[in-house]
Amino acid sequence: MAVNMKGTDILSIHDLSREEVEQILDTTHILKMKQKLGEIYHPLKGKTLGMIFQKSSTRTRVSFEVGMFQLGGHALFLSANDLQLNRGETIADTARNLSRYLDGIMIRTFSHQDVVDLAEYSSVPVINGLTDLLHPCQVLSDLFSIKEKKQKLDGLKLTYIGDGNNMAHSLMFGGAKVGMDIVICSPSGFEPDPEITRLSRLDATKTGANINIQNDPFEAVKDADIIYTDVWASMGQEEEQEERLKSFADYQVNRGLIEKAKDDVLVMHCLPAHRGEEITDDVIDGVHSIVFDQAENRLHVQKAIMALTM
Ligand code: CP
Ligand code: NVA
């Protein structure tokens, strides 16, 4: 039976039930088919999504804005630089005010706690468009992309090579929720947050997924169905870029590494990619790569999220 998700905040996959995650993926499938068939579907006619950006974005901004348009609604780009938030208005007051105009708020920012606070004081659903801690919309889209290619999620093994960052954390929560084994392989000192590891392992006890943290890339990719990577220096870590190039030098996803995984391994990256750093050109442009399908599916998954919650 369908779960009523009206008003639900999408802050972290950890907060969602397995049924809610499956409902998002099933709804995505329907909305993607409608769009491919050219069917007009306007469940959000007359509704407005506010999109607060405190960091740059290509995919998230465009896919939310286009998605809202395709659902018959309107999206409003709110650069944090132009909001009173940047001049000291509190998150709580911003949430109370925006709730009087908007039907949903998407936010991309640094501190995860700011998004939690925004959701607490907002009377309309809040969607996390990336924080330093998590990137749930990306991983919900990635689950959809994997299911499209492999027809299942349960029992697969995804190996993430790189920084124990927002992407690693959301992949751990996503895998744990749907029964997919996750291996996070990071250089020593760049492992995921221990509290995220604890919570994802707790979720994994309900689905039988294994959540492993390792340091050896060649060992980590053995029998992998999916190899995933992300930039070595995330937004906000630009000053560490040079130092990180050295720390992550042995953690590049290249041909030598993917040859150690299954023959039909999928290569994934949330993008933007730093070609020649975390991934080589031949791999990101090669036959195993599904990175642009991933990017497209952001549109379809976020439409499902908005249609279900707003
Ligand atoms: N993957 C992703 O979130 O891309 P943007 O930073 O371009 O939004
Ligand atoms: N870890 C990256 C993801 C970008 C989509 C960052 O936070 O910059």
> Using only the Cα atoms, what convex hull volume per residue in Å³ does the chain have?
Replying inline: 128 Å³
>> I'd like the distance between the alpha-carbon centres of the stretch 239-300 and the stretch 191-226, rounded to an integer number of Å.
In response: 19 Å
>> Run the simple label-point estimate for residue 198 and residue 239 please: 7 Å along Cα→C-beta, distance reported in nm.
In response: 3.0 nm
> Hey, rough spin-label estimate for residue 215 and residue 151, points 7 angstrom out along Cα→Cβ, what's it come to in nanometres?
Replying inline: 4.1 nm
> To the nearest 500 deg cm²/dmol, what mean residue ellipticity at 222 nm is calculated for the chain from DSSP H runs of n ≥ 4 alone, each contributing -39,500 (n - 2.57), summed and divided by the residues?
Replying inline: -13000 deg cm²/dmol
> Of all GluC sites (Glu not before Pro) in the stretch 252-310, which ones are in loop regions per DSSP and have a Cβ with at most 11 other Cβ atoms within 10 Å?
Replying inline: 259
>> Calculate the FRET efficiency for residue 58 and residue 206 from the Cβ-Cβ distance with a Förster distance of 25 Å, rounded to the nearest 0.05.
In response: 0.10
>> What does the net charge come to around residue 123 if you take all other residues with beta carbon closer than 15 Å to its beta carbon, with K and R at +1 and D and E at -1?
In response: -1
> Given a 1.4 Å probe and every protein chain left where it sits, what share in percent of the accessible area of the chain is carbon and sulfur?
Replying inline: 49 percent
> With θ set to phi - 60° and the Karplus curve 6.51 cos²θ - 1.76 cosθ + 1.60, what are the ³J(HN,Hα) couplings of the stretch 205-210 in order, to the nearest whole Hz, using x for Gly and Pro?
Replying inline: 5, 7, 10, x, 5, 10
> Which value, in debye to the nearest 20, gives the size of the charge dipole of the stretch 180-293 about its Cα centre, when Lys and Arg are +1 and Asp and Glu are -1 at the Cβ?
Replying inline: 380 debye
> Residue separation times 0.36 nm, minus the C-alpha to C-alpha distance between residue 69 and residue 34: what's the value?
Replying inline: 11.2 nm
> Do you know the relative contact order of the stretch 17-176, to the nearest whole percent, from alpha carbon pairs under 8 angstrom that are 6+ apart?
Replying inline: 19 percent
> Among 248, 3, 153, whose Cα lies farthest out toward the positive end of the dipole of the chain, if unit charges sit on the beta carbon of Lys, Arg (+1) and Asp, Glu (-1)?
Replying inline: 3
>> Which one, 189, 304, 42, is farthest towards the positive end of the dipole of the chain when Lys and Arg carry +1 and Asp and Glu -1 on their Cβ?
In response: 42
>> With the crude spin-label approximation of a point 7 Å out along Cα→Cβ, what separation in nm comes out for residue 250 versus residue 6?
In response: 5.6 nm
>> Calculate log10 I(q)/I(0) of the stretch 8-105 for q = 0.15, 0.20, 0.22 Å⁻¹, where I(q) comes from the Debye formula with a single equal point scatterer on each Cα and nothing for solvent.
In response: -0.77, -1.20, -1.31
> What order do you get for 102-112, 283-293, 216-226 when each peptide is scored by the mean count of other beta carbon atoms within 10 Å, highest first?
Replying inline: 102-112, 216-226, 283-293
> Which of the peptides 158-167, 61-70 is most tightly packed, and how do the rest follow, judged by the mean count of other Cβ atoms within 10 Å per residue?
Replying inline: 158-167, 61-70
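The values are calculated or read from the model by the stated rules, or taken from the named source; none is laboratory data. Values in this document were obtained by computation on a predicted structure and should not be read as measured data. Don't worry about glycine lacking a Cβ; one is built from the backbone with ideal geometry, like all the others, and counts go over all protein chains shown. All accessible areas refer to the heavy atoms of the entire protein, side chains included, with ligands and DNA or RNA removed. Shrake-Rupley method; radii C 1.70, N 1.55, O 1.52, S 1.80 Å.
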